[in-house]
Amino acid sequence: MNKFILPKHSAMLQADYIFGVATSSFQIEGARHTRCESIWDRFCRVDGAIKDKSNGDKACEHIARWQQDVELIHSLGVDAYRLSISWPRVINDDGTVNLTGLGFYQTLVDELVAKELKVFVTLYHWDLPQALEDKGGWLNRETALAFAKYSEVVCKALGDKVYAYTTLNEPFCSAHLGYEVGIHAPGMCSQSAGRQAAHHLLLAHGLAMQVLRTHCPTSRHGIVLNFANADAASDSPSDVNAAKIADDYCNHWYIKPILEGCYPDLLAQLPKEVQPDIQAEDLEIISAPIDYLGVNYYTRNVYQSDGNGWYEQVAPTSSHLTTMGWEVVPDSFYALLVDLHQQYQLPALYITENGAAFEDCINNDEIADVARLEYFQSHLLAVNQAMEQGVDIRGYFAWSLMDNFEWAEGYTQRFGIVHVDYNTQKRTLKASAKAYQAMLKMRQEGR
Ligand code: FCB
């Protein structure tokens, strides 16, 4: 298989459907010496935190090679590019604006717009300034206010050249992985910290929405959440209940306050000392209307009871896994989208991330990434099927444009549709990139 096929009359082939590729600042930019320290710089120095002991100092050297990368994106024929802004590149530790850093994004956005690409800007994709972490990071309510201020600087500079602003990428990961289980920066391990961080992140989202609406009234504004279906390991009532708890704790904890202005009932069942401090007006701020919801989907999770009324995740038994150990289950993607549609009054959706890591072999400059091709094909069909069921999905972004720093996994996991040789920084289109390109070209010609 070397191409993507969508049903002839698929709504995904309509001219206004947006296909894109996505990246994030810390994962690709490099040029560490030209910005302030982020929590990920610090975390990378912790013994055992990053699988290959690497860091983001160089990454894909995107800061130096951005023009070539914009050409690359353009050559794919996509409609849009989803990027993130590095907060510590824009705001200095003393709170002043780094005009060179901000200027970088202004030039980048101008160039993307000149190439008629729609720009999706994420304001926070996990790289909190270390200076703010030193004052408590997301455990400190002030960080939410600082985020609103930083958002104002960015949106005033980029204005409505940006098609869509995203406040946060995956607050679940920032809060839960970063403060509750400690496998992401800043590496804290406390349940109450995880819950408090989650609340302050959501508050930051709400406050930034007000800023974005004021200064960029014609752009679209929303948030990106990650979802993984929570399936029970067995039919036993305890496992079914455990999966329900996991679903509330990991998925609904983030979407429900935004769309319905309240947390899942599970919150009230948590010990008092674990419950976050929520101030009177917070949920109203958090639940202000959003123009769209970004959905990131990679896999499902399976849960069983831990024997103490809580959940524990079990390893997938399927042999169909990516190198992340994530199960390939396109049917779950379809089910997730339809479930969300049935449970919530959803705004328009974008699939803001979807993709897979596999080992890639280069053979005479050719990379036949068949497993990734199949992953994309099956997941594109899942999106199409969900749309046929009435789910309003306006676009799809492949994660990622190119191989990059995969957080705790360092450079050991390749998610790119474009291969990066980290010694030479050479970019090479994999077969999946060529298939994406061919599908977009066909769509263009079919118009
Ligand atoms: C998501 C992140 C993204 C990337 C993918 C594989 O959770 O948003 O940066 O690491 O996973």
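Points worth noting:
- Test: residue in the stretch 57-74 that is among the acidic types (D, E), under 30 Å from V295 (Cβ atoms), under 19 Å from the mean Cα position of the chain (by Cα) and away from the ligand (no atom under 15 Å from the Cβ): no
- Verdict on R45 being closer than 23 Å to A131 by Cβ and without any contact (Cβ under 8 Å) to a residue 60 or more places away in the chain: yes
- Total residues in the stretch 21-34, condition surrounded by fewer than 24 Cβ atoms within 10 Å (Cβ to Cβ) and either of a type outside the set (S, T, N, Q) or in contact with a Cys (Cβ under 6 Å, 6 or more places away or on another chain) (or both): 4
- Among the residues of the stretch 85-112, those identified as surrounded by 15 or more Cβ atoms within 10 Å (Cβ to Cβ), closer than 18 Å to Q68 by Cα and either modelled with pLDDT under 95 or not aromatic (F, W, Y) (or both) are Q106, L108, V109, E111, L112.
- Any chance W326 is within 16 Å of the ligand (Cβ to nearest atom) and either modelled with pLDDT of 95 or more or not polar (S, T, N, Q) (or both): yes
- Residues of the stretch 160-195 that turn out to be touching a Ser or Thr at 6+ places or on another chain (Cβ under 9 Å) and either in contact (Cβ under 8 Å) with a residue 60 or more places away in the chain or of a type in the set (A, V, I, L, M) (or both), as a count: 8
- Among the residues making up the stretch 350-378, those that are within 16 Å of the ligand (Cβ to nearest atom) and more than 22 Å from T412 (Cβ to Cβ) are Y350, I351, T352.
- Residues that are surrounded by 17 or more Cβ atoms within 10 Å (Cβ to Cβ) and closer than 30 Å to W40 by Cβ, drawn from the stretch 361-397: I367, D369, A371, R372, Y375, F376, H379, G395, Y396, F397
- R82 meets each of the listed conditions (1) among the basic types (K, R); (2) surrounded by fewer than 18 Cβ atoms within 10 Å (Cβ to Cβ); (3) touching a Phe, Trp or Tyr at 6+ places or on another chain (Cβ under 7 Å) apart from (2).
- In the stretch 163-190, the qualifying residues are those that are assigned to a loop (DSSP other than H, G, I, E, B) and crowded, with 24+ Cβ neighbours inside 10 Å, and the one that is farthest from the ligand (Cβ to nearest atom) is A185.
- From S432, S400, residue being buried (at least 20 other Cβ atoms within 10 Å of the Cβ), within 16 Å of the ligand (Cβ to nearest atom) and more than 16 Å from T23 (Cα to Cα): S432
- Contacts under 6 angstrom Cβ, first residue in the stretch 20-36 being outside any helix (DSSP H, G or I), partner more than 9 Å from the ligand (Cβ to nearest atom) and among the basic types (K, R), 6 or more apart: G20/R82; A22/R82; G30/K58; R35/R89
- Candidates N384, N363 - the one that is out of contact with any strand residue (DSSP E or B) (no Cβ under 6 Å at 6 or more places or on another chain) and under 30 Å from P289 (Cβ atoms): N384
The values are calculated or read from the model by the stated rules, or taken from the named source; none is laboratory data. These figures come from a predicted structure and were not determined experimentally. Here Cβ is always computed from backbone atoms with ideal geometry, including for glycine, and neighbour counts include all displayed protein chains.
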